[in-house]
Amino acid sequence: MSLDSAEASPSSSRDWFFPSPSFIHSTSNSPQSPNYPRKFSTIPRHSRSSHTDWKPPKTSTFRSVSSSGSAAYGDPKYGRVRRRIELRRREKMAKQEKEDPVLEQKRDVSKAVSGVKTAIGEMGIGDFGQRVKIRWQMASYIAILITAFGSLVHKNFSLHNQVIDLQDQISTMNIRLQACNTSDTFDTISILQEGDHLSSKGLKILALTVSIALLSMPLFVFKYIDYISKFRSSYNCSEKVSLNKQLEYRVDVLLSVHPYAKALALLVATLMLICLGGLALFGVTDDSLADCLWLSWTYVADSGNHANSEGMGPRLVSVSISFGGMLIFAMMLGLVSDAISEKLDSLRKGRSEVVEQNHTLILGWSDKLGSLLNQLVIANESLGGGIVVVMAERDKEEMELDIAKMEFDFRGTSVICRSGSPLILADLKKVSVSKARAIVVLADDGNADQSDARALRTVLSLTGVKEGLRGHIVVELSDLDNEVLVKLVGGELVETVVAHDVIGRLMIQCARQPGLAQIWEDILGFENCEFYIKRWPQLDGMQFEDVLISFPDAIPCGVKVASRGGKIILNPEDSYVLQEGDEVLVIAEDDDTYAPGALPMVWRGSLAGDFIVPKLTEKILLCGWRRDMEDMIMVLDAFLAPGSELWMFNEVVESERERKLIDGGLDLSRLVNITLVHREGNAVIRRHLESLPLESFDSILILADESVEDSAIQADSRSLATLLLIRDIQAKRLPYREAMVTRGQRGSFSRGSWIGEMQQASDRSVIISEILDPRTKNLLSMSKISDYVLSNELVSMALAMVAEDRQINDVLEELFAEEGNELHIRLAELYLHEGEEMSFYEIILRARQKREIVIGYRLENAERAVINPPNKNERRRWSVKDVFVVITEKE
């Protein structure tokens, strides 16, 4: 095969390709070729023709060492890495050029081919005329040519063999080049990885440094603040508050004002711990930042997770994070525990809101609360129970404990206690004051003026409720002079009960009529019969005389006249005709136990004799001094007959007494029926009492002295001591003959005993003791040596009755007043004859002849009176020694 054919034929059995170092260098560095130089193929042409889909293998250029990281490779920050790669590649190519002989052989082959071409070009044929001349030359040339051709053929074959050898070497070099390219790729990747490792290592060092700096920052801040505080204090002596205290104050205000500040601070601390821990872990481990943050959270949430850490750095950081997590968890438990404890304490201490309506609200705490609750419980029994809310400035647990000690059955009524002040609107809203059907304001135990002043402020707070009040306000006052002011503030919402005034009037009535205290207890309390007002349309057009006998289970006492603005008239005339809208006032056991029935046939009859009650002069002793003494004197002057004497025995100097009485509004010159007799002394000293003619008094009133009225126990002790001394002195002064003729059952006491002598002396005079504590009442009731008055209990009964129905307050005020109607105890001989058989209805009609309403009776041998007796139409035999309880006009 000639060189031309070998050069021109594309289907030669071998592909001759001689890459030069410059070609490799230019190709690899050409900006137009983004890929590496193609691999040199050593596959023969006939082999290629048998593989039609054969494609020469490709290798990537240095620019695309990592297709996935091409962007990173082209990044300017990798310039240093690229320069290092180019330098290393050039060094390898220069070394290859020196060591590889292929390049030299390529040059020799190129020279031989060019020489052959030149020789052929020089060979030509001369003109035909010179053929002969040249023939010999041609022969010589042919010989030379054959010789040269033979040598050329020989050399061609030798060169062909060399080409084959060179191709084999080229294939080997391609394999080496591919290996070099692969190694360069690996070197590039390793260099990139090394660069990434160096960069990551720098980031980890930075993260560790930042975490340490943030951890140490609070220490430097505190030191700086302390330094600034000391500098300011030394520079400016007038500055009294240091920066530390100011910051502490700000933090304290923040935690106090914002209820969720503690939880928010704990959350911020937790996030900071997680972030700092994650940065520290990122600095000491090979994990990513996200994994380190998650691992930090696991250490905070569960301190036991750090046990799997390996290495000194990770262990130290994990232990620190776990320790911080334990602190965070402990603080979180503390906050949760405090929140739960505060909520339970608020519930336990009565700070939660009362969600009730139509309940009875009691504001304040006093000794009267027990009796008041008892009466409200009894009143609500017919309704299946009710809700009573008590709010006072006491601990809720103490109030509940004291209420639990009260010895009575609650009968379905729930008593809810709340701590708070009635002067604060927020506390009033907490007990649903606007939805209460009645609000009772109790007077404080202590000074009367301070108690009334507080009651006045409480009424002002109640009237300031924006939602308004559904119910009425019942205010207990200690001084009658303050009643006008409270009503002026409260207006139509307020009903007042003046405790001192009520007790003083009851004591006077009971002193003049022995046994009346028990009647008042039955009427005022809800245990027996009490006052009720209700409208009955079927009674319209009926005269009051017929209304009296129209209720089998109740006793009518008055009428609420609609035409006169709802005014209640006690004991009206028989001829009064009920009009439309009028309501009937009755005494009944409960509001649902009575109803009008058919009008019975009742024989009226006539009175047994002349109905004249003689009014005799009386001699009364007052032991002790009350702040409303002038009011009691005025009431006694209105009740007693002319010529009566009122002895006043107490420790107040006589001149001071007159000044106090005049300051209280008493005009001594206007006293008509009584004469004041002053004696000075101590009621608990026997020799002082012995100076008095105790056996000559018709009634003795032992008052709770003003000096000890703040303490119920001390006042009762003083009253009880005075009572026992007076009874003992009376027993010693009574003639033995009169003591022996005393008849009657006296229990188990012998007649010669000390209590027996005092019981005999009690028949001579009536002693009324003002008792404040119910326990003292039990002692007196067992000994039967005094017709007592229990102040707190009677006032509580009046408060409960007015709370249930505010209209009853007008009835009580009239019964306690000097004018109008009052309760009286009448002898039976005024209405009937001895042994006469009559029904209770007939006695009612006979008493109407003197315009009296009989509401009950007490038989001769009975200890208690019967109010609103049953079976009123049943006839029975009566005795002249029986007594009747009536409502009549004051004489």
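Points to keep in mind about this one:
- Selection status of I503, within 30 Å of L640 (Cα to Cα), in contact with a helix residue (DSSP H, G or I) (Cβ under 9 Å, 6 or more places away or on another chain), open to solvent by less than 10 Å² (accessible area, probe 1.4 Å) and of a type in the set (A, V, I, L, M): yes
- Inter-residue pairs, beta-carbon under 7 Å, first under 16 Å from I362 (Cα atoms) and in the range 439-465, second aliphatic (A, V, I, L, M) and in a loop (DSSP other than H, G, I, E, B), 6+ apart: S451/A443; A455/A443; R457/L423; T458/L423; S461/L423; L462/L469
- Candidates E834, E819, E813, E829, filtered to the one that is under 27 Å from E527 (Cα atoms) and charged (D, E, K, R): E813
- All conditions in (1) at pLDDT below 90; (2) open to solvent by less than 30 Å² (accessible area, probe 1.4 Å); (3) under 28 Å from D716 (Cα atoms) hold for A641, with the sole exception of (3).
- Residues that are in contact (Cβ under 8 Å) with a residue 60 or more places away in the chain and aromatic (F, W, Y) within the range 611-667 comprise F611, W625, F639, listed in sequence order.
- From the list L488, L469, the one residue that fits, being in a helix (DSSP H, G or I) and open to solvent by 20 Å² or more (accessible area, probe 1.4 Å), is L488.
- Residue in the range 623-635 that is open to solvent by less than 20 Å² (accessible area, probe 1.4 Å), touching a strand residue (DSSP E or B) at 6+ places or on another chain (Cβ under 7 Å), assigned to a strand (DSSP E or B) and not assigned by the TED database to the domain that holds L480 present: yes
- Lone qualifier among E818, E834 - being at pLDDT below 90, open to solvent by 10 Å² or more (accessible area, probe 1.4 Å) and over 30 Å from V497 (Cβ atoms): E834
- From the list G385, G350, the one residue that fits, being buried (at least 20 other Cβ atoms within 10 Å of the Cβ), part of a loop (DSSP other than H, G, I, E, B) and touching a Ser or Thr at 6+ places or on another chain (Cβ under 8 Å), is G350.
- Subset of the range 579-605 (residues that are in contact with a helix residue (DSSP H, G or I) (Cβ under 8 Å, 6 or more places away or on another chain) and among the small types (G, A, S)): G581, G605
- Within the range 705-721, considering residues that are under 18 Å from L780 (Cβ atoms) and among the hydroxyl-bearing types (S, T, Y), the one farthest from the chain's Cα centre (by Cα): S719
- Subset of the range 398-440 [among the hydrophobic types (A, V, I, L, M, F, W, C), in a loop (DSSP other than H, G, I, E, B) and open to solvent by less than 70 Å² (accessible area, probe 1.4 Å)]: M406, F408, F410, L423, V431, A436
- Filtered residue count, the range 307-345, keeping only those that are open to solvent by 60 Å² or more (accessible area, probe 1.4 Å) and either under 17 Å from L276 (Cα atoms) or more than 25 Å from the chain's Cα centre (by Cα) (or both): 12
- Residue among G384, G364 that is in contact (Cβ under 8 Å) with a residue 12 or more places away in the chain and under 30 Å from A588 (Cβ atoms): G384
- Matching residues in the range 818-865 - criterion: being within 22 Å of V586 (Cα to Cα) and in a loop (DSSP other than H, G, I, E, B): E819, G820, R851, E852, R864, A865
- Being open to solvent by less than 40 Å² (accessible area, probe 1.4 Å), closer than 28 Å to I503 by Cα, touching a strand residue (DSSP E or B) at 6+ places or on another chain (Cβ under 9 Å) and without any contact (Cβ under 8 Å) to a residue 24 or more places away in the chain is a description that applies to E483.
- Matching residues, the range 287-297, being open to solvent by 30 Å² or more (accessible area, probe 1.4 Å) and assigned to a helix (DSSP H, G or I): L289, A290, D291, L293, W294, L295, W297
The values are calculated or read from the model by the stated rules, or taken from the named source; none is laboratory data. What you are looking at is a predicted structure, and each value in this text was computed from that prediction instead of being measured. When we count neighbours, we look across all protein chains shown, and the Cβ atoms used for this are built from the backbone with ideal geometry, even at glycine. Just so you know, the surface numbers come from the protein's heavy atoms only, side chains and all, with ligands and any DNA or RNA stripped out. Shrake-Rupley method; radii C 1.70, N 1.55, O 1.52, S 1.80 Å.
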